[in-house]
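The values are calculated or read from the model by the stated rules, or taken from the named source; none is laboratory data. These figures come from a predicted structure and were not determined experimentally. Note that we place each Cβ from the backbone using ideal geometry, even for glycine, and neighbour counts take in every protein chain shown. When the accessible area is computed, the model is the full protein with side chains, heavy atoms only, and any ligands, DNA or RNA have been set aside. Shrake-Rupley method; radii C 1.70, N 1.55, O 1.52, S 1.80 Å.
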Amino acid sequence: MITRLFSAALRGVDAQEVEVEVNARGADKPVVIIVGLPDAAVRESSQRVISAIGASALYLDDGVKTVNLAPADLKKEGPSFDLPIALAMIAASGTKPFNAEDCCVVGELGLDGTVRPVKGVLSIALEAKSRGRSRLFVPEANAPEAAVIEGIDVFPIRNLKQAWDFLNGDIIIPPFHLDRRAFFNSHRSYEVDFDEVKGQHQVKRALEVAAAGNHNLLMVGPPGTGKSMLAKRMASIMPDMTEEDAIETTKIHSVTGMLDSKRSFLTTRPFRSPHHTISDAGLLGGGTNPGPGEVSLAHHGVLFLDELPEFRRQTLEVLRQPLEDRVVTISRAAGSLTFPANFMLVAAMNPCPCGYYGDSKRECRCSNRQIETYRQRISGPLLDRIDLHCEVPLVDFRELSSNTNTGESSATIRQRVVAARGIQLERFRKSSNSTNSSMGSRQVRQHCQLNAESTGYLEHAMEEMNFSARAHDRILKVARTLADLAGAENIRPNDILEAIQYRSLDRKLFS
């Protein structure tokens, strides 16, 4: 007797439907054979399944059970096939008609029959919906994550016995209901706020410009000036994610196993801050079974690289492609995978190894050679891809110790950022990009036209500071964002001057 169920396998950040077929035939002793390119975790499922069926007091006859996971050329990984294999094996052992054509089933089994959570449920729910499946059986802990997807009934499963009885109509399990609008609104809050930062008004201005146009930012300053504190508050002034953006971001975190019952869905922009010892694969993605890296985990959010020169130069260089293309492509002999990587890069560094070069109160202990070596760890092409460079000075004691709060809150700054983003959405409504930072050459020529005075300022800066062609375009993009923040239709001379100011730091430090 042959029975079948539908499940799904993860490939990158997406899922692909897998048909679980079980053929039962007589033999002297029970044997389970799993075919269809399974990995070690899938092959070991036979022992978990047999134990779970026995512990659940469900019938499994003796004989050979051949389990086929189709398509056979797709590698199957992880324990998420335990539950559909167990249900199909039980059905193959009986004579009762079994029909689960409208179901997609995933779940890991414990030896006692309990169903444990698995990775990538959000991607699986999207795949099941696209395949026309109307019911999705998931572990109870994964139900809130899957229920975000409309158009498919999500049933939370606690154990194997419950799943079998429900399939046979012996019990009723109500589908998991999630008020999506209330869920999004109640979870859109940040624990940090810009009004907690004393001073640094010029740096806050630079962060506001970066958030308004989705520009990359580099902060340079001595230790203890608040670079990390400012970076951690960057996401709080960015516009709220749309539901589509939130689903796309949550998929990436789901396939890496970073979600749990308390944090089943991302409604705030992610903030990722990897340590400087991270490997190329950890930052970009990859591995034996390629998975997303930090640049993809920061999708629609902020990637913060503290102590930028401490990262290996080779590791930093792999950022070039995602900073330009907003995607990461991992190629292997078996094929290639593409991961989204539309993040905002915020980096911080000291001006020298000891941190006090140029400080008026503390003497720098570094030699010229040490300072030169330290700065050369960051290549010119990478700096060219960072739109804004700003100095972060020490905060005056009186301002630091003041009890009066003179800084703007994140909500106030975010209102201006949202207004500027709205102008950009209208400007690019007929194109694929939505922010100034992602403009192509043709769009730069169309939307960043300058008057004679502004052209003169930019020409003088290009000649004196020896900016590259890429830096020229990025100055225009930043100037366009400054005009949007001011609600101006055209780029003004002051916008060009401020944009040039944000680019002059790399020549002063790295020439």
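Data for the structure
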{"read-out": "Between helix 452-465 and the chain: long-axis angle, C-alpha atoms, 0 to 90°, nearest 10", "value": "90"}
{"read-out": "When the stretch 145-290 is reduced to its Cα atoms, the Kirkwood hydrodynamic radius in Å", "value": "19.0"}
{"read-out": "Equivalent ellipsoid semi-axes, the stretch 281-379, via Cα gyration tensor eigenvalues times 5, rooted, Å", "value": "34, 14, 9"}
{"read-out": "For the stretch 211-285, convex hull volume per residue from C-alpha positions, Å³", "value": "143"}
{"read-out": "Contour excess over end-to-end distance, with Cα ends at Leu74 and Tyr59 and 0.36 nm allotted per residue", "value": "2.3 nm"}
{"read-out": "Hull volume in cubic angstrom per residue (convex hull over the Cα atoms of the stretch 81-166)", "value": "84"}
{"read-out": "Modelled FRET efficiency - R0 41 Å, Lys198 with Ser331, Cβ distances, 0.05 increments", "value": "0.30"}
{"read-out": "Compactness index (Cα Rg / 2.2 N^0.38 Å), the stretch 211-253", "value": "1.50"}
{"read-out": "Calculated FRET value between Ser379 and Ser441, using beta carbons and R₀ = 22 Å, to 0.05", "value": "0.45"}
{"read-out": "Label-point separation, Thr338 to Glu372 (7 Å along Cα→Cβ), nm", "value": "4.4"}
{"read-out": "Nearest-ten-degree value, helix 121-130 long axis tilted from longest Cα axis of the chain", "value": "70"}
{"read-out": "Difference of contour (0.36 nm per residue) and Cα-Cα distance, Leu400 to Lys430", "value": "6.1 nm"}
{"read-out": "In Å², nearest 10: area of His275 left accessible to a 1.4 Å probe", "value": "110"}
{"read-out": "Calculated on alpha-carbon atoms, Rg and Dmax of the stretch 1-71 in Å", "value": "13.1, 43"}
{"read-out": "Span from the the stretch 229-293 Cα centroid across to the the stretch 40-56 one, whole angstrom", "value": "33"}
{"read-out": "Percent of Cα pairs exceeding the 23 Å cut-off, where the set is the stretch 96-215", "value": "48"}
{"read-out": "Hull volume in cubic angstrom per residue (convex hull over the Cα atoms of the stretch 44-110)", "value": "105"}
{"read-out": "Normalised alpha carbon radius of gyration of the stretch 230-349 [divisor 2.2 N^0.38 Å]", "value": "1.04"}
{"read-out": "Stokes-Einstein D in µm²/s, Kirkwood radius over Cα pairs - the chain at 25 °C with 0.890 mPa s viscosity", "value": "96"}
{"read-out": "Efficiency of FRET from Cβ geometry, Thr412 and Asp112, R₀ 56 Å, rounded to 0.05", "value": "0.55"}
{"read-out": "Inter-site label distance for Glu463 and Asn168 at 7 Å from Cα along Cβ, in nm", "value": "8.8"}
{"read-out": "Calculated on alpha-carbon atoms, Rg and Dmax of the stretch 314-430 in Å", "value": "20.5, 62"}
{"read-out": "Distance in nm between pseudo-label sites at Asp240 and Asn451 (7 Å out along the Cβ direction from Cα)", "value": "3.9"}
{"read-out": "Extension reserve of the Ala486-Val31 stretch, reckoned as 0.36 nm per residue once the Cα distance is removed", "value": "156.5 nm"}
{"read-out": "Carbon plus sulfur fraction of accessible area for the chain, probe 1.4 Å, in percent", "value": "48"}
